[in-house]
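Shown next, in structure tokens, is the structure this report addresses.
Throughout, read-outs are computed from the coordinates displayed, never taken from laboratory work. Predicted model, so just to flag it, every value in this text is computed and none were measured. Note: ideal-geometry Cβ built from the backbone for every residue, glycine included; neighbour counts use all protein chains shown.
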Amino acid sequence: MFMMKPKDPLAEPPSHDRSSQGAHARTGQLNKMPPFYRRNLNGADDNQHVDYAAVTAPRKPMIGIALGAGAARGWSHIGVILELNAQGIYPEVVAGTSIGAVVGGSYAAGKLKEIEHFARNLTKKRVLSMMDVSFSGVSFLSGERLRRELEREFSDRSFKDLDKSFATVATEFGTGHEIWLTKGNVADAIRASYALPGIFEPVMINGRWLFDGALVNPIPVTLCRALGAEVVIAVNLVSDTTFRGTVIHDPLSIEPTLEKYNFGAPGAGRTLSARIFGGMGGNLRRLFGKREDGAPGIANAMMDAFNIAQGRISRSRLAGDPPDVLINARLGKVGLFDFHRADELIAIGREATRRALPEIADDIAALPSESAFAPR
């Protein structure tokens, strides 16, 4: 028979307080709960040995976070994790797709502060400077500059070297298979997860050409559960634009900057190389801007179409395997290439997490505890 002190918090009826203050109290309580008192289960006296293993109850659950795709809107993932950590919640399992893989991988590697610093220091001009136009015929952007940034941060680290359990999602070219990347080079896996077809070059891993994982699993709840998460917190970045009718003005919002960016003035004294590549500004305007009649540029149209499809896929996948908690960040007015708006996006992520705290606390507290004793 188990006995508890009458004033023990576990003996009190469950609270139905859904406020943020109540949520903080419930999450804090999880770290303070004492072990059950043990007595001989078969009625034997204290001199008779019974081989049982004591288990602290309730135990801390394995919390996982599934970070969804959404291009620049993914900087809000930083705010989500920062707010969870501030409330004493540290996910041990991380699954990410596309930009979710970038932020999730940084968190799993103990580099959340570094990715936050990088994001907050991005300007429109710096974003454009990282758009290295590709002439390979495979994609508009080579992604070489982003690849160098990732390799510099992760320094050839493999998944087994990370502080947290981490995995990314990619899509196999040709078959459309959903590929879970859990081993090997972390930087390569992240690149494969955000390699948007037509925008970035695909990534070859173990003999397979891989593209953006958002084509098959934009919010990797299933992968998070497969890694062992008992409570899955999912972050959806596309809910505002796909779950209800809306009008988004200037979804990329980078076109005005293209008009002001100095790509090099034409001149007779320029070298042959400068004359060949002097049209870089025009190339970017054609890709990411609009035609004079208002028709979207190629990349603009591709991103918008991809975003619509991603929203529909997300709804289907979430209906089939819903997370325990779904955080919907209100990002409808943020463009897919607004990487320079990190301050605003991180704040939005933190606010969305604060709204979800009561539900998170309830789901953690509702987990059944293990038996206080388990026979060896």
If amide H atoms are modeled at 1.01 Å from N in the peptide plane, then the residues at a separation of 5 or more from V203, or on another chain, having amide H under 5 Å from its own are L210
What are the residues whose amide H is under 5 Å from the amide H of S134, where those residues sit 5 or more places off or on another chain and H is modelled from the backbone?
L141, S142
Between L122 and residues 5 or more places away or on another chain, which pairs have amide H atoms under 5 Å apart, with H built 1.01 Å from N, and which residues are they?
none
Candidate cut points under chymotrypsin sites (Phe, Trp or Tyr not before Pro) in region 120-224, DSSP loop plus at most 14 other Cβ atoms within 10 Å of their own Cβ, are F135
How big, in percent, is the set of alpha carbon pairs in region 67-192 lying more than 22 Å apart?
36
Shape of region 116-175, Cα gyration tensor, a/c cut at 1.5:
oblate
Karplus couplings for region 339-351 from phi (6.51 cos²θ - 1.76 cosθ + 1.60, θ = phi - 60°), rounded to Hz, Gly and Pro as x?
5, 7, 9, 4, 4, 5, 5, 5, 5, 5, x, 5, 5
Percent of Cα-Cα pairs more than 13 Å apart in region 185-224, please.
52
Along region 64-74, what does the Karplus equation 6.51 cos²θ - 1.76 cosθ + 1.60 (θ = phi - 60°) give for ³J(HN,Hα), rounded to whole Hz, x for Gly and Pro?
x, 10, 10, 9, x, 7, x, 6, 4, 4, x
